[in-house]
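The values are calculated or read from the model by the stated rules, or taken from the named source; none is laboratory data. Everything numeric in this text was worked out from a predicted model, so none of it was measured. Every residue, glycine among them, receives a Cβ derived from its backbone with ideal geometry; neighbour counts consider all protein chains shown.
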Amino acid sequence: MTELDRACAQFRTLLEEQQQRLAAMDTERVDLTKKPTVTVGLAGGDGIGPILMEQAERVLRHLLQAELATGAVVLKPITGLTIENRLAEGCSVPPSVLNEIRACDVFLKGPTTTPMGGTMESANVTLRRELDLYANVRPVAIPEEGIDWVFFRENTEGEYVLGSRGVELDGMAVDFKVTTDSGTRRIARAAFEHAVQNGKTRVSIVTKANIMKKTDGKFTAICHEVARDYPGIEVDDWYIDIMTANLVDPRIRNRFQVVLLPNLYGDILTDEAAQLRGGVGTSGSANAGDRYAMFEAIHGSAPRMIEAGLGDYADPRSILRAAAMLLRHIGRTAAAAQLEQALDACTVTVTGDTNGATCAAYTDALLKLL
Ligand code: IPM
Ligand code: MG
């Protein structure tokens with residue numbers, strides 16, 4: 001077998017897997033607001049994760065006390081999602097941990113560390129794939145500038161679909177980007193539904209369809225097809241390069257409302273957006289599918305803060321924003337709004353070092369506002 005034959009055979013296997021994924025994709029949505037008991041998992045994660053999650057749990061216990069007492073909501077610790085355990089098991093998300101997570105309806109997750117180099121995949125990417133969490137929803141508001149963006153990033157395909165399983169030939173490496181009809185339709189539907197339900201008037205589709213003609217071309221075409229069901233919503237198209245420029249242009253950036261985009265562009269643009277708001281420590285994120293949903297801060301586990309002994313000064317606002325999104329997702333809208341308002345109102349400064357409040361002190365002040 002020549003090197004080329006081997007590469008073609010590998011390509012064939014990858015395509016067959018993608019066909020199987022596509023065939024299994026359309027699942028029915030579980031309505032958590034109608035479930036008599038909603039189980040909320042709590043995974044501490046690594047680095048500053050457990051420090052943040054301890055405070056997030058205090059806030060959730062406070063807001064949900066009545067429902068925890070009746071059993072309408074159950075909080076369940078997920079213990080195995082740590083870098084130590086994942087390294088010991090040689091697996092980004094060990095099967096037993098995946099089972100723990102699947103026993104919950106939704107979960108709040110502290111940041112998890114991805115080892116640099118080696119072959120271990122990011123736990124986030126594995127969880128998104130295994131639980132089919134196709135909608136990465138990232139709201140970024142800068143009220144003083146009239147900015148209220150919500151990004152709908154496709155979260156399971158595009159450039160992320162294969163992880164580290166691209167094809168290598170002598171002197172050459174090939175990765176793949178995969179865009180499917182159903183995969184695009186469901187994220188587009190989520191974005192337009194969000195727009196309609198939240199009084200938004202515009203959805204902006206962001207691709208690089210002038211270059212990525214097949215994949216991004218399909219993404220744009222399907223988004224426009226879905227848009228036809230939402231005649232009240234204005235739709236515009238942007239290429240990712242000019243869109244990154246738009247976000248730093250104060251003359252036009254507050255015109256964007258809902259932004260709909262493929263995986264990798266969404267990854268990059270949402271870091272830029274969060275930084276404009278004041279840093280990645282300020283934003284929460286939802287990873288939602290039809291069955292499961294995972295909520296997290298958009299930053300990492302901050303090993304440098306831990307090494308410097310500053311873990312207790314970690315900023316809890318991003319995980320608390322994620323907790324508010326979780327509450328909204330399970331239909332606890334009043335509790336979600338209460339938490340969001342308290343986060344907007346809390347004036348305690350957290351700087352990530354001894355110049356600011358600790359994670360716990362911030363939460364003490366926040367709890368007084370709830
Ligand atoms: C994010 C992160 C992840 C991603 C990493 C941790 C794999 O950057 O959630 O945006 O690339 O999606
Ligand atoms: Mg990212």
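Things to note:
- In the range 18-49, of all residues being among the small types (Gly, Ala, Ser) and part of a helix (DSSP H, G or I), the one that is surrounded by the fewest Cβ atoms within 10 Å (Cβ to Cβ) corresponds to Ala23.
Rundown of residues vs (1) within 15 Å of ligand 2 (Cβ to nearest atom); (2) not assigned by TED's automatic domain parsing to the domain that holds Ile240, yes/no style:
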position	(1), (2)
Asp105	no, yes
Thr112	yes, yes
Met120	no, yes
Arg128	yes, yes
Trp149	no, no
Gly158	yes, no
Arg165	no, no
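- Among the residues of the range 249-281, just one is away from ligand 1 (no atom under 16 Å from the Cβ) and under 21 Å from Cys359 (Cβ atoms), namely Gly278.
- Any hit, the range 206-214, residues being in a helix (DSSP H, G or I), within 24 Å of the chain's Cα centre (by Cα) and either at pLDDT 95 or above or farther than 24 Å from Ile147 by Cα (or both): no
- Residue match in the range 313-326 (condition: away from ligand 1 (no atom under 16 Å from the Cβ), modelled with pLDDT of 95 or more and among the basic types (Lys, Arg)): no
- Residue ranges of strands (runs of 3 or more DSSP E) in the range 50-149 with at least 1 members over 18 Å from the mean Cα position of the chain (by Cα) and surrounded by 18 or more Cβ atoms within 10 Å (Cβ to Cβ): 73-78
- Among the residues of the range 317-370, the ones that are out of contact with any Gly (no Cβ under 6 Å at 6 or more places or on another chain), of a type in the set (Ser, Thr, Tyr) and assigned to a helix (DSSP H, G or I) come to 3 in all.
- Residue check for Gly300: outside any helix (DSSP H, G or I) and closer than 16 Å to Asp271 by Cα: yes
Okay, residues lined up against (1) β-branched (Val, Ile, Thr); (2) in contact with a helix residue (DSSP H, G or I) (Cβ under 8 Å, 6 or more places away or on another chain); (3) without any contact (Cβ under 8 Å) to a residue 24 or more places away in the chain:
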position	(1), (2), (3)
Leu63	no, yes, no
Ala66	no, no, yes
Gly71	no, no, no
Leu75	no, yes, no
Leu81	no, yes, no
Pro94	no, yes, yes
Leu98	no, yes, no
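- Hits in the range 273-295 (condition: assigned to a strand (DSSP E or B) and within 11 Å of ligand 2 (Cβ to nearest atom)): Ser285
- In the range 167-202, the residues that are of a type in the set (Val, Ile, Thr) and touching a Pro at 6+ places or on another chain (Cβ under 9 Å): Thr179, Thr184, Ile187
- Contacts under 9 angstrom Cβ, first residue in the range 115-130 being under 21 Å from Asn287 (Cβ atoms) and hydroxyl-bearing (Ser, Thr, Tyr), partner within 16 Å of ligand 2 (Cβ to nearest atom) and assigned to a loop (DSSP other than H, G, I, E, B), 6 or more apart: Ser122/Thr112; Ser122/Thr114; Ser122/Gly163; Thr126/Gly163
- The residue of the range 150-171 that is nearest to ligand 1 (Cβ to nearest atom), among those that are part of a strand (DSSP E or B) and within 14 Å of the chain's Cα centre (by Cα), is Arg153.
- Restricting attention to the range 224-272, the residues that are more than 15 Å from the chain's Cα centre (by Cα), within 16 Å of ligand 2 (Cβ to nearest atom) and in a loop (DSSP other than H, G, I, E, B) add up to 1.
- The one condition in (1) within 11 Å of ligand 1 (Cβ to nearest atom); (2) buried (at least 24 other Cβ atoms within 10 Å of the Cβ); (3) more than 17 Å from Leu81 (Cβ to Cβ) that Gly284 fails to fulfil: (1)
- Flag if Thr70 is hydroxyl-bearing (Ser, Thr, Tyr), in the same structural domain as Met325 (by TED's automatic domain parsing) and modelled with pLDDT of 95 or more: yes
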